[in-house]
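The structure under discussion appears below in the form of structure tokens.
The values are calculated or read from the model by the stated rules, or taken from the named source; none is laboratory data. For clarity, every value in this text was computed on a predicted model and none was experimentally measured. All Cβ positions, even for glycine, are placed from backbone atoms using ideal geometry, and neighbour counts span all protein chains on display.
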Amino acid sequence: MNRTKSLLAGVGVSLFVAVVTGCANKLPAPSPAAKTELAPTGTLRVAVFTSNPVIGSKDKSTGELRGTAATIGQALGDQAGLPVKLVEYTSIAKLVGDAKAGVWDIATIAREESRRSVVDFAPPHITMDLTLLIAPGSTIMNVADADRPGVTIASARGSVTTTYFERTLKNAVLAQAENEAATFNLFKQGKAQAYAQNRFMLLGLADGMPGARVLEDRFSIAEICIVLPRDRPVALDYVSAFVMQARKSGLIARAIEAEGLRGVSVAQEAQ
């Protein structure tokens, strides 16, 4: 287990946020308009997608929601002077769909143009490779090699990997399931020869599946962003300023390190 993650085991999200944000300069308090747009109910409701460990996870014994989305969301709430409520999602399609339902105020997802109809994106704070996990015995050697007749690629419905392959596949078939666990089951059951996700997640799955391997190349780079439901422009400006500060202060880097996220980086200024 990653040493930092081991030391933090059992530490609540609020206490961890105090550690990772301790040396960061705070933003000015948000204007009343920004605060109202950011949290219309008076509580910042943070959606945490727990099917992707780069974004979030759920402690099996305590039920506590953890991960970079929880840590960064709590830090944003602290800086804005707002209480925080974490809201779990296991389906990315459901999370994005709920942007219009008034269920959450901020979420953390991969930037994808098709999602701009329902959410507005802050600048990215995390980047990571998107690639393929290959089944034992398969002769697929790179991403281009996977797009051939007779190959099925498993990808979660509504995910950035699915939207990518829906645009680009010419010969392979895309098999979708409702969430990441169900999608990986398609792969494990031999119904797909490849599983599309981020490199960190696939490396962990490959560790527990003898003969499976993660391709060295990638088909895309995911930019992970905080999003707000559309048409909250003043709140979006405040969150964007928070993200820029969090990247510079080291808050994002420390959140990544605490979760032991291999192959995951802080987004750079040019992105």
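Overview of results
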| quantity | calculated |
| --- | --- |
| Segment 169-196, residues that are free of Cβ contacts under 8 Å to residues at least 40 places away in the same chain and either in a helix (DSSP H, G or I) or closer than 22 Å to A110 by Cβ (or both) | L169, A172, L174, A175, Q176, A177, A182, T183, F184, N185, L186, K188 |
| Qualifying residue in segment 153-163 (condition: more than 30 Å from A39 (Cβ to Cβ) and over 17 Å from the mean Cα position of the chain (by Cα)) | yes |
| For L186: the one exception among (1) assigned by TED's automatic domain parsing to the domain that holds I109; (2) buried (at least 17 other Cβ atoms within 10 Å of the Cβ); (3) in contact with a strand residue (DSSP E or B) (Cβ under 7 Å, 6 or more places away or on another chain) | (1) |
| Filter pass, V227 being assigned by TED's automatic domain parsing to the domain that holds D78, surrounded by fewer than 23 Cβ atoms within 10 Å (Cβ to Cβ) and touching a strand residue (DSSP E or B) at 6+ places or on another chain (Cβ under 7 Å) | no |
| Among (1) part of a helix (DSSP H, G or I); (2) farther than 24 Å from L65 by Cα; (3) in contact with a Gly (Cβ under 7 Å, 6 or more places away or on another chain) - the single one G211 does not satisfy | (1) |
| Number of the condition not met by S240 [criteria: (1) assigned by TED's automatic domain parsing to the domain that holds A107; (2) under 18 Å from N52 (Cα atoms); (3) of a type in the set (S, T, N, Q)] | (2) |
| The one condition in (1) outside the structural domain of T162 (by TED's automatic domain parsing); (2) modelled with pLDDT of 95 or more; (3) touching a Ser or Thr at 6+ places or on another chain (Cβ under 9 Å) that E113 fails to fulfil | (2) |
| Residue within segment 113-134 that is on the phi > 0 side of the Ramachandran plot and either of a type in the set (D, E) or over 16 Å from the mean Cα position of the chain (by Cα) (or both) present | no |
| Qualifying residue in segment 191-205 (condition: among the small types (G, A, S), crowded, with 16+ Cβ neighbours inside 10 Å and more than 20 Å from the chain's Cα centre (by Cα)) | yes |
| Matching entry among L38, L8, L27 (being surrounded by 14 or more Cβ atoms within 10 Å (Cβ to Cβ), modelled with pLDDT of 50 or more and farther than 26 Å from K94 by Cβ) | L27 |
| Pick from segment 156-183, criterion closer than 15 Å to V96 by Cβ and out of contact with any strand residue (DSSP E or B) (no Cβ under 7 Å at 6 or more places or on another chain), ranking: surrounded by the most Cβ atoms within 10 Å (Cβ to Cβ) | S159 |
| So E259, is it in contact (Cβ under 8 Å) with a residue 40 or more places away in the chain, crowded, with 16+ Cβ neighbours inside 10 Å and of a type in the set (D, E) | yes |
| Of all residues making up segment 215-265, the number that are of a type in the set (A, V, I, L, M, F, W, C) and in a strand (DSSP E or B) | 8 |
| Count of segment 146-161 residues which are closer than 14 Å to F184 by Cβ and not in a loop (DSSP other than H, G, I, E, B) | 6 |
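Residue-wise test of (1) touching a helix residue (DSSP H, G or I) at 6+ places or on another chain (Cβ under 8 Å); (2) closer than 22 Å to L65 by Cβ.
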{"site": "V87", "(1), (2)": "no, yes"}
{"site": "K94", "(1), (2)": "no, yes"}
{"site": "G97", "(1), (2)": "no, yes"}
{"site": "I126", "(1), (2)": "yes, yes"}
{"site": "S138", "(1), (2)": "no, no"}
{"site": "M141", "(1), (2)": "no, no"}
{"site": "R148", "(1), (2)": "no, no"}
{"site": "A156", "(1), (2)": "yes, yes"}
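The rows are residues; the columns are (1) in contact (Cβ under 8 Å) with a residue 40 or more places away in the chain; (2) under 30 Å from P83 (Cβ atoms).
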{"site": "A110", "(1), (2)": "yes, yes"}
{"site": "R115", "(1), (2)": "yes, yes"}
{"site": "M128", "(1), (2)": "yes, no"}
{"site": "T131", "(1), (2)": "yes, no"}
{"site": "R148", "(1), (2)": "no, no"}
{"site": "G158", "(1), (2)": "yes, yes"}
{"site": "T162", "(1), (2)": "no, no"}
